[in-house]
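The values are calculated or read from the model by the stated rules, or taken from the named source; none is laboratory data. These numbers come from a predicted model, not from an experiment. Cβ placement follows ideal geometry from the backbone for every residue including glycine, while neighbour counts extend to all protein chains displayed.
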Ligand SMILES: Cc1cc2nc3c(=O)[nH]c(=O)nc-3n(C[C@H](O)[C@H](O)[C@H](O)COP(=O)(O)O)c2cc1C
């Protein structure tokens, strides 16, 4: 499969650790590209709706090349730190811009990884997962998994053996 991973964290911390552990488990038959959302120049969606008449977003920035990569993917992994009970603005920015080619994004496989400082029973993870459930229902995605991990300090997840094993297993099981 062509796998595109969107990393919603700007720091080399827990979200990246989660992504790396997931990738470690993946079969070498997949091709993987990690999109580092904070490195992109993407203007916020203006809601101008031009994209609904033309092929893509009017913004001459990284929007169209990024969304084209997502359109070409078979599996999309959304990975984000929890910021204020939700996903990071960097990841949301990319998701908002998916509106420009929404219909081409139908019937994908997808997964969600979120890392927050709070314990995994916090409501924040259900709020985030519900958002992805709605997106998946709208775009008729096969949402393979939604997983939450609790880690605050930058290196906390890398020290959590069970979580790392779980992430590798998620990669291994992906088909
Ligand atoms: C702006 C900001 C807001 C945050 N809000 C939350 C929050 O609402 N809930 C939570 O559990 N952790 C929150 N955190 C902590 C991060 O989610 C946590 O440290 C996470 O591991 C960061 O992931 P990273 O290392 O990949 O950047 C916040 C951190 C920042 C910087």
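Scan segment 139-156 residue by residue and report those that are outside any loop (DSSP other than H, G, I, E, B), within 14 Å of the ligand (Cβ to nearest atom) and touching a residue at least 60 places away in the same chain (Cβ under 8 Å). The answer is 149, and nothing else.
How about segment 113-128: which of its residues are surrounded by fewer than 16 Cβ atoms within 10 Å (Cβ to Cβ) and more than 8 Å from the ligand (Cβ to nearest atom)? Break it down into steps so the answer makes sense when it comes.
Quick first cut of segment 113-128, residues surrounded by fewer than 16 Cβ atoms within 10 Å (Cβ to Cβ) only: 117-123, 126-127.
The answer is 119, 120, 121, 123, 126, 127.
Restricting segment 27-42 to residues that are part of a loop (DSSP other than H, G, I, E, B) and crowded, with 17+ Cβ neighbours inside 10 Å leaves a set whose member that is farthest from the chain's Cα centre (by Cα) is 42.
Residue-wise test of (1) away from the ligand (no atom under 16 Å from the Cβ); (2) over 15 Å from the mean Cα position of the chain (by Cα); (3) at pLDDT 95 or above; (4) in a helix (DSSP H, G or I).
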site: 15; (1), (2), (3), (4): no, no, yes, yes
site: 47; (1), (2), (3), (4): yes, yes, yes, no
site: 57; (1), (2), (3), (4): yes, yes, yes, no
site: 78; (1), (2), (3), (4): no, no, yes, no
site: 98; (1), (2), (3), (4): yes, no, yes, yes
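Restrict the check to segment 87-100 and report whether at least one residue is over 27 Å from residue 49 (Cα atoms), buried (at least 16 other Cβ atoms within 10 Å of the Cβ) and free of Cβ contacts under 8 Å to residues at least 60 places away in the same chain. There is no residue in segment 87-100 that is over 27 Å from residue 49 (Cα atoms), buried (at least 16 other Cβ atoms within 10 Å of the Cβ) and free of Cβ contacts under 8 Å to residues at least 60 places away in the same chain.
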